[in-house]
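In what follows, a single structure is set out as C-alpha cells and then discussed.
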Amino acid sequence: MGVLEVKQISTQRVEQIAKLMGKMKLAEFMSLSEAEFQKLIQEVENNPLFKRLTIPGAGIVKYKKFSKTGLAYSRSIPLDPTITPSRNYLDIEPLLAQEEEIIQIIKEVGVDKFKKYFLDGIPGMTLGEIARECNSTKKKVKKVNNFVDKFYLEAKLTESSQGHRIQRTYYSTIASIEKRKDEFIINYFSREIVKGRYLINFDRFEELKKRKIFTSREVKKINSLFNKLRLINSRKITIYQIIKKLIEVQYNFLTSGSIDYLKPFTQASLSKKIGVNPSLISRAIKRKAIRIPQGRQIPIKILFPSKREIRKKLIREIIEQEKSEIEKGILSRPYSDEEIRAQLRKKNGISISRRSVSECRKDLKIPSSFKRVYQG
C-alpha cells in the first residue's frame, strides 16, 4: 500500500470520527431539558459577539421564522406545566386557575427559581432567604409555599384514593396547536423559539475577516459561536418538523380531540419522512408535551401509537361494550376471541389473526371468554 493511499485512508477515518463526534454531540444536545435549552439560547444571544453579528451593519446572523408559527399565551406557567400521561393524574391547571395571584408571583420569580426553591427545595433556607434569592417578599414566598403544599396534599389524597402510589413524570409543554380557519398553527411558549432559526452569512463573515473587522481571537470565538448556533438550529428545526408532520398525520385527532381518531404512527416512520435519525426524534420528544386545540396538554409521545396499541384500545372498548350488553340482557355470554376478531374487521376494517387478539387481550389482563362467564 502506497503512502498516498495510507494518507487517504487516514483522512477518511478522521472524517468518520468527526462525523460520529458530531452526531454524539447533537444527541446530547437533543437530550437537554427545555429549561437548559432556553438558558443556553439566552446565554448565546446575550454574548456581545452575537449582538455584533446581528446588527444591520454586519448582516452576518439573521432570524428566519418558521412557517405558520407564533407565540402562545396562557394563564398557566409558560414552560413547565406538570402533567402525567396516566389517566389518574392530578391536574395542576384547575388549581392554578383559582390562584391568579400565585401565577403572577411565579412569573415574577421565574420558572428556574420556582423549581429550585419551591418544588425541589433547599433544606435549611428561611422564608427571608428564599425571598432575597427570588427578589420577592416573605409574604409572597409564603403564599407560593402554601400553594405548593396544597398541590402536594391533593396529589397525596389522589394517590391514596387509588389505593396505590402513582408514579409521576414531569413534562415541559413546549407548544400549543391552535386551529385558525381550516389550518393548524404552532404557537410556542418561548419567545426564543418563535424567532425561528438562525441564518448565517458565511461569505459576509469571510469578507469582514479580510477587512480585519474582527481580531484573530474574536474569529476563534465566533467560529465556536457558529457551532452552537448550528446545534440550536438542529434542535429547533427537528422539533418544528416533528410537530408539523404530526399535525399532518394526526389531523383528525387534533380536530376532534378523541383518541378514536389517532392513527398508528411510529417514530421510525417519521424518521424516514423528515430525514432525521429515530434516536434523535426519541430524545427530542422525551418528556415534552403540547397543548392540543381542545385545551388539554398531552405528552407528544401519545401521538405515536403503534398498531398494537390501537388494537388493544379497540379490544378494550369491545370488552366494555360486552359487559354493558350482558348487564342489559342483550348478550347472553362474553365474546370469544374469534368474535372479537370479526368485530374488529367489521367495525374498524382491521384484519388480524385470532392469536393476535388473544395476545392483545392478555396484555390488557382480560381473561378468556370462558373465565369471563364466571366473573359476574
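The values are calculated or read from the model by the stated rules, or taken from the named source; none is laboratory data. Since the model is a prediction, treat every value here as computed from it, not as a measurement. Note that each Cβ is placed from the backbone with ideal geometry, even for glycine, and that neighbours are counted across all protein chains shown.
Observations
- Within the stretch 104-140, considering residues that are buried (at least 16 other Cβ atoms within 10 Å of the Cβ) and among the β-branched types (Val, Ile, Thr), the one modelled with the lowest pLDDT: Val111
- Of the residues making up the stretch 324-376, those that are more than 13 Å from Leu314 (Cβ to Cβ), surrounded by 16 or more Cβ atoms within 10 Å (Cβ to Cβ) and among the aliphatic types (A, V, I, L, M) number 1.
- Only one of Pro81, Pro94, Pro85 that is under 18 Å from Pro293 (Cα atoms), at pLDDT below 50 and not in a loop (DSSP other than H, G, I, E, B): Pro94
- Close Cβ contacts (under 7 Å, 6 or more residues apart or on different chains) running from residues in the stretch 258-276 that are over 14 Å from Ile300 (Cβ atoms) and among the small types (Gly, Ala, Ser) to residues that are surrounded by 14 or more Cβ atoms within 10 Å (Cβ to Cβ) and at pLDDT below 90 comprise Ala268/Pro278; Ser271/Asn277; Ser271/Pro278.
- Filtering the stretch 279-311 to residues that are among the basic types (Lys, Arg) and either buried (at least 18 other Cβ atoms within 10 Å of the Cβ) or not in a helix (DSSP H, G or I) (or both) leaves Arg283, Lys286, Arg287, Lys288, Arg291, Arg296, Arg311.
- The condition (being within 28 Å of Lys39 (Cα to Cα), part of a helix (DSSP H, G or I) and under 17 Å from the mean Cα position of the chain (by Cα)) is satisfied by just one residue among Ile222, Ile242: Ile242.
- Filtered residues of the stretch 253-263 (kept if under 20 Å from the mean Cα position of the chain (by Cα) and in a helix (DSSP H, G or I)): Phe253, Leu254, Thr255, Ile259
- Some residue of the stretch 196-204 being more than 19 Å from the chain's Cα centre (by Cα), under 24 Å from Phe304 (Cα atoms) and not in a helix (DSSP H, G or I): no
- Look at (1) of a type outside the set (Ser, Thr, Tyr); (2) at pLDDT below 70; (3) surrounded by 15 or more Cβ atoms within 10 Å (Cβ to Cβ); (4) more than 30 Å from Ala284 (Cβ to Cβ) and you find that Gly163 fails only one, number (3).
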